[in-house]
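The values are calculated or read from the model by the stated rules, or taken from the named source; none is laboratory data. Keep in mind that this is a model prediction, so the values were computed, not measured. Cβ sites come from the backbone with ideal geometry, for glycine too, and all protein chains shown count toward neighbours.
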Amino acid sequence: MKYYLLSFALVLSVAACKQTTGFDSKELIGLEKAFNDNPIDSTYDRLITRYLEVMQEHKDDKKLVEDLLYKASQASKKMNNCRQMVIFLNNLIKNHYERQDTPENLLEMIECLRTIDKNYAADILSICFAEAFPNHPKKVELMSKLPNQLPPEQYLVDLAKAMFPDTGNSYNKDIAFQYVDACEAYALVLPNSEKSPEYLFSAAQTAKLLQTYEKCISLFDWVIEKYPNHPKAENACFMKGFLFDSDLKDTAVARKFYAEFIAKYPKSEFVDDAQILIQNLGKSEEQILEEIQKKSQQQ
């Protein structure tokens, strides 16, 4: 089974399924002490589970979530759990890029990725790092490990071409996963680039093609939340409703997102489409065709 390596959405399902409780800082301090005194799987799992619960329960407290993300990444580092460390650092960098330790956190991510033999992801992060931090003392060392030193934009163009090796409808699934990771990596390291929302939207469409719908939704949300004034935010908002309508067949959620889209972008060229789609939610193609024929006969 394929997994995206760069998963930016925190997996909070365990915490979300539990009833929220007040934040007991003494309990958390106790779990941290137990882990630091005896860093084994059981103490690590209990600590990370509680971190996730607290982040879910207090998700509006950005400073608390930021601190816990960092602590979770360092606990994962202590356990040599590179996969988990990458996830926590991703979330930390994405939502708190202004931190002074962002370059160092990125370097730790790259090292982790190479440790677990995810060199293609390490390569694109390294290429973007060199562009984002051209004067960093580690730049030369990073670039020396690359098989080629293409600009990050060219790297993504080449991946996109390789994803569709012929003019037919077939595509290379492995490269498609890599392309999604690479687009995310670009936006993570170069969030202020004008191309970042475009790459994220393209990655979302690719995730939709791969039928990894949770990933697709998280990428649309990234565009909407981080680039609200970019044209792709409008497209992403509409596509969320369309995804739940056409792919996930969840008419209630689709109706909700279509309505949000109309309210948020009342002058959009897609408003008429959204209104028609709302009217047709839950109807079969035969029912829609029959209604069209009746309207045609009445005119």
Taking first residues from region 90-101 that are within 17 Å of Lys59 (Cα to Cα) and second residues anywhere that are of a type in the set (Phe, Trp, Tyr) and at pLDDT below 95, the pairs with Cβ under 6 Å that are 6 or more apart or on different chains are Asn90/Phe8; Lys94/Phe8
Conditions (1) more than 19 Å from the chain's Cα centre (by Cα); (2) under 26 Å from Cys183 (Cα atoms); number of the one not met by Arg50 = (2)
Identify, from the list Asn172, Asn229, the residue that is of a type outside the set (Val, Ile, Thr), under 17 Å from Ala162 (Cβ atoms) and without any contact (Cβ under 8 Å) to a residue 12 or more places away in the chain.
-> Asn172
Output the residue which, of all residues in region 127-155 that are in a helix (DSSP H, G or I) and under 19 Å from Ala203 (Cα atoms), is farthest from the chain's Cα centre (by Cα).
-> Gln154
When you look at Asn105, is it assigned by TED's automatic domain parsing to the domain that holds Cys128, surrounded by 16 or more Cβ atoms within 10 Å (Cβ to Cβ) and not aliphatic (A, V, I, L, M), yes or no?
-> yes
Mind telling me which of the residues Ala236, Ala263, Ala252 ends up being under 30 Å from Asp123 (Cα atoms), outside the structural domain of Lys139 (by TED's automatic domain parsing) and more than 12 Å from the chain's Cα centre (by Cα)?
-> Ala236
Please indicate, with yes or no, whether at least one residue in region 175-188 is surrounded by fewer than 17 Cβ atoms within 10 Å (Cβ to Cβ) and either at pLDDT 95 or above or over 30 Å from Glu98 (Cα atoms) (or both).
-> no
Note: among Tyr120, Tyr44, Tyr97, Tyr70, just one is within 23 Å of Leu159 (Cβ to Cβ) and either out of contact with any Asp or Glu (no Cβ under 7 Å at 6 or more places or on another chain) or outside any loop (DSSP other than H, G, I, E, B) (or both), namely Tyr120
